[in-house]
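Please read the structure below before turning to the comments.
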Amino acid sequence: MKHLNKILSIATCAIVVAGCEVEPVQTLPERKFELVWSDEFEGDSGTAPNATKWTYDIGTGQNGWGNNELQTYTNSRQNVLLDGKGNLLIRALKDNAGRYTSARIKTEGLFSQKFGKVEARIKTPTGSGIWPAFWMLGNNIRDVSWPQCGEIDIMEQKGKFSNITYGSIHGPGYSGGQAITTPYALQNGRFDNDFYVYGVEWNETKIDFFINGFLYKRILPANVPGEWVFNQPFFLILNIAVGGSFVGPPNANTPFPGTMSIDYVRVYKEL
C-alpha cells in the first residue's frame, strides 16, 4: 500500500515535554479504528487537490483572518498543487512587491467528523513569520461564530522554532492567547527536515494529541475553564499563514517559497 515504507521508516526521536526528557514509548489501551475518509494526494504534477474533498478560503479575511496575518489566500496552482509523487504542496510566496500569497484548504461543506482519529503526515516549512497548521473547526461556525464553534489545532508551528509544535483547543472563555495549548519539542531533530504524523484521538470524554503515535497531551472537559464545545462534527483545514500575532512577521532571512508537503490525511471512526 502507498506510503507503507515511509511510515515504517519514520525516525524515532527523543522528546522534551514540559521540560522533561522522555522516550516515545507508551503502553495505551488498545483501541480499534476503521478508516472512513482519506486523501492520499495521488494525481498528476501541477494539478489541483480533489475538488470533491477540498474547497478554499480566499482573500485576506477580516483583520488578517483575525490574527493580523499578512498573506492573501488563493486557489492558484502557484500556492496549492499536487507534486505528482503522492504529496500535496501548500506554498507561501513573496512577490517582487513584497506581497505574500498562500493557500488554506478545507473540507467545510464536503466532509466532517464527530469523534474518532484524525491524522496527517506532513513536512513543515521553516523561517521567521511562517505559520503552518493542520486543524479543525466546528461545523456550526456560521451559526454561532468563533470561538463558540470550537477549534482543535492538531498541529501548528512557529517557523522560527522548527523543533517545536503545538497542540491546542479554543472555545468560549479559552480562545486566542488563552487557548489550552501544549508545546512538544524534539531534542534531536527538526520538523522541517522530515515527515511527521500529527494526530488526535477524540471522543466525548477527552482529546488526545499525538506525534508519530506518541501521546503528548490529553485534554479533559474538567481542564476547560468554560463550555466543552467538542461533542459535534468538525471539518478539516490545512494552511500556511505568513505573519500574525502567533508568529510575528517574516524577516530578510525567511526563505520563500515556504512549502508544506502533505503525504496524506486520514480520518477514522472508533469501533
If you look at just the Cα atoms of the range 167-254, how large are its Rg and its Dmax in Å? 15.1, 46
Sorted by chain and then number, the residues having a modelled amide H within less than 5 Å of the amide H of Leu236, at least 5 places away or on another chain, are Thr107, Glu108
The chain -> Rg/Rh from Cα coords, Kirkwood Rh, value 0.93
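What per residue convex hull volume, in Å³, comes out for the range 213-271 when only alpha-carbon positions are used? Walk me through the intermediate numbers first.
Values: hull volume 11.5 nm³, N = 59.
For the range 213-271, the hull spanned by Cα atoms encloses 195 Å³ per residue.
Go through 112-123, 28-39 and give me the packing order, highest mean Cβ count within 10 Å leading. Write out the running numbers ahead of the final one.
Details: 112-123: 20.6, 28-39: 11.8.
Highest mean packing first, the order is 112-123, 28-39.
Order these peptides, 241-254, 147-160, by their mean beta-carbon neighbour count within 10 angstrom, highest first. Mind dumping the intermediate values first?
On the way: 241-254: 17.2, 147-160: 22.4.
Order by mean packing, descending: 147-160, 241-254.
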Distance (nanometres) between label positions extended 7 Å along Cα→Cβ at Asn251 and Glu227: 4.2 nm
Where Rh denotes the Kirkwood radius from the mean inverse Cα pair distance, what is Rg over Rh for the range 74-114? 1.10
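Rank-order 55-66, 198-209, 124-135 by packing density, defined as the average count of other C-beta atoms within 10 Å over each peptide's residues, highest first.
Numbers: 55-66: 13.8, 198-209: 20.0, 124-135: 24.4.
Going from most to least packed, we get 124-135, 198-209, 55-66.
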Between the range 107-157 and the range 172-216, what is the C-alpha centre distance in whole Å? 12 Å
Testing the spin-label approximation: label points 7 Å from Cα along Cα→Cβ at Glu204 and Glu34. State their distance in nm. 2.0 nm
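Each reported figure results from applying straightforward, stated rules to the coordinates on display, with no laboratory input. As the structure is a computational prediction, the values presented were derived from the model and not from experiment. All Cβ positions, glycine included, derive from the backbone under ideal geometry; neighbour counts span all protein chains shown.
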